[in-house]
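The values are calculated or read from the model by the stated rules, or taken from the named source; none is laboratory data. All figures in this text were calculated on a predicted structure; none of them were measured in a lab. Counting neighbours? That spans all protein chains shown, and the Cβs are built from the backbone with ideal geometry, glycine included.
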Amino acid sequence: DTGVSQDPRHKITKRGQNVTFRCDPISEHNRLYWYRQTLGQGPEFLTYFQNEAQLEKSRLLSDRFSAERPKGSFSTLEIQRTEQGDSAMYLCASSLAESGLAGSYEQYFGPGTRLTVT
Amino acid sequence: DQQVKQNSPSLSVQEGRISILNCDYTNSMFDYFLWYKKYPAEGPTFLISISSIKDKNEDGRFTVFLNKSAKHLSLHIVPSQPGDSAVYFCAAKETSGSRLTFGEGTQLTVNP
């Protein structure tokens with residue numbers, strides 16, 4: 001069973017450093033999403049790709065954040081000049097584009113990367 | 001503004017009884033709703049969903065009810081099992097979008 005995988009699972013970094021996370025979606029899924037989750041809250045949308053095109057970005061995604069999906073398969077999320085407020089769980093999800101008469105919009109999540117900025 | 005709200009941070013039920021988790025939303029553009037379950041140190045796992053053209057969807061022990069006029073949905077788990085203990089998130093999608101908007105979550109504890 002090849003679900004969504006994320007690497008690393010945990011990252012501790014010092015304020016001001018750059019970090020990069022990787023996400024490998026379910027192989028046949030053409031949509032890939034990034035969310036961020038802080039303690040006591042639900043996941044918050046950051047951005048999503050359809051194939052290699054980045055179709056939507058949240059206002060939460062400041063200029064220090066950049067995401068890529070160069071070949072329409074795996075994706076990377078980079079945070080530059082990390083701040084303590086960036087400490088969170090970063091979740092990746094994937095899905096098929098909507099299909100069927102009623103539509104099918106389920107997104108399947110990976111285990112997340114927990115970032116701690118000291 | 002919190003467009004999806006789960007007003008109960010926690011719920012405790014006895015094994016074998018019904019668990020009812022509630023969710024309210026404010027955005028009239030939401031037309032698809034999902035429930036996810038999350039264990040510690042894992043990502044959310046999809047449970048069940050419902051389109052706004054329906055008012056009920058059932059999958060085994062899990063049933064989701066949608067009341068569009070009240071902008072309210074609920075997840076019923078019958079019978080509840082200790083393995084159901086987890087955080088449950090309600091999520092919603094707008095007609096024209098792909099992003100999911102999540103509630104804050106409800107911690108369900110099923111006691112043996």
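Below, the figures for the structure above:
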read-out	value
Complete set of residues in the range B:25-42 that are hydrophobic (A, V, I, L, M, F, W, C) and either over 22 Å from B:Asn7 (Cβ atoms) or more than 12 Å from every other protein chain (Cβ to nearest Cβ) (or both)	B:Met29, B:Ala41
Matching option when the condition is in contact with an Asp or Glu (Cβ under 6 Å, 6 or more places away or on another chain) and more than 14 Å from chain A (Cβ to nearest Cβ), among B:Pro79, B:Pro112	B:Pro112
Candidate set from the range B:82-91 (those that are at the interface with another protein chain (Cβ under 10 Å from one of its Cβ atoms) and of a type in the set (A, V, I, L, M)); member that is surrounded by the fewest Cβ atoms within 10 Å (Cβ to Cβ)	B:Val87
Restricting the range A:77-118 to residues that are facing chain B (nearest Cβ under 10 Å), at pLDDT 95 or above and not in a strand (DSSP E or B), the residue that is farthest from the chain's Cα centre (by Cα)	A:Pro111
Matching residues in the range A:10-68 - criterion: being of a type in the set (S, T, N, Q), in contact (Cβ under 8 Å) with a residue 12 or more places away in the chain and closer than 26 Å to B:Ala86 by Cα	A:Gln37, A:Thr38
From the options B:Thr106, B:Thr45, B:Thr95, residue that is surrounded by 18 or more Cβ atoms within 10 Å (Cβ to Cβ), within 14 Å of chain A (Cβ to nearest Cβ) and hydroxyl-bearing (Ser, Thr, Tyr)	B:Thr106
Matching entry among A:Arg36, A:Arg59, A:Arg15, A:Arg31 (being within 20 Å of B:Thr101 (Cα to Cα) and exposed (fewer than 14 other Cβ atoms within 10 Å of the Cβ))	A:Arg59
Selection status of B:Leu66, outside any loop (DSSP other than H, G, I, E, B), at the interface with chain A (Cβ under 9 Å from one of its Cβ atoms) and among the aliphatic types (A, V, I, L, M)	no
Selected residue (only one of A:Gly16, A:Gly3 is part of a loop (DSSP other than H, G, I, E, B) and either touching a helix residue (DSSP H, G or I) at 6+ places or on another chain (Cβ under 8 Å) or at pLDDT 95 or above (or both))	A:Gly16
Qualifying residues in the range B:59-69 (those that are at negative phi and out of contact with any strand residue (DSSP E or B) (no Cβ under 8 Å at 6 or more places or on another chain)) - the one surrounded by the fewest Cβ atoms within 10 Å (Cβ to Cβ)	B:Ser69
Qualifying position, being in contact with a strand residue (DSSP E or B) (Cβ under 8 Å, 6 or more places away or on another chain) and more than 28 Å from A:Gly3 (Cα to Cα), among B:Asp24, B:Asp1	B:Asp24
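Here is a yes/no grid of residues against (1) surrounded by 14 or more Cβ atoms within 10 Å (Cβ to Cβ); (2) closer than 28 Å to B:Ile50 by Cα; (3) among the polar types (S, T, N, Q):
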{"residue": "A:Ala67", "(1), (2), (3)": "yes, no, no"}
{"residue": "A:Arg81", "(1), (2), (3)": "no, no, no"}
{"residue": "A:Leu91", "(1), (2), (3)": "yes, yes, no"}
{"residue": "A:Gly110", "(1), (2), (3)": "yes, yes, no"}
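Per-residue answers, yes or no, for (1) in a strand (DSSP E or B); (2) more than 26 Å from A:Ser95 (Cβ to Cβ):
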| site | (1), (2) |
| --- | --- |
| B:Asn7 | no, yes |
| B:Val13 | yes, yes |
| B:Arg17 | no, yes |
| B:Cys23 | yes, no |
| B:Asn27 | no, no |
| B:Asp31 | yes, no |
| B:Ala41 | no, no |
| B:Ser49 | yes, no |
| B:Asn57 | yes, no |
